[in-house]
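Enquirer: First the structure, which I've put down as structure tokens, then a few questions once you've had a look.
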Amino acid sequence: MDIQPIKNAVSHAAALAQIEALMSAKRDTPEGDRLDVLVTLVQAYE
């Protein structure tokens, strides 16, 4: 899982795009875990 901190508008937009793509991910899967981490990072940034 290659996830970086959100530091600017560009990385924020990229994270939001990834979240949108992962919205149908099931819990307790690698995709679901990635979604959880990305949502946490976006919330912290906002």
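Values quoted throughout were computed directly from the atomic coordinates according to the rules given, and no laboratory measurement underlies them. The structure displayed is predicted, hence computed values, not measured ones. Using ideal geometry, Cβ is built from the backbone for each residue, glycine included, and neighbour counts are taken over all protein chains shown.
Enquirer: Within region 12-30, can you find the residues that are of a type outside the set (A, V, I, L, M) and within 10 Å of the chain's Cα centre (by Cα)?
Expert: His12, Gln18, Glu20
Enquirer: Now a separate question. Could you give me the residue pairs with C-beta distances under 6 Å whose first residue belongs to region 23-46 and is more than 19 Å from Val10 (Cβ to Cβ), whose second residue is in a helix (DSSP H, G or I) wherever it lies, and which are 6+ apart or on separate chains?
Expert: Ala25/Glu31; Ala25/Gly32; Ala25/Leu35; Lys26/Gly32; Glu31/Leu22; Leu35/Leu22
Enquirer: Go through region 24-46 and give me each residue that's surrounded by 10 or more Cβ atoms within 10 Å (Cβ to Cβ) and outside any helix (DSSP H, G or I).
Expert: Passing the criteria: Ala25, Thr29.
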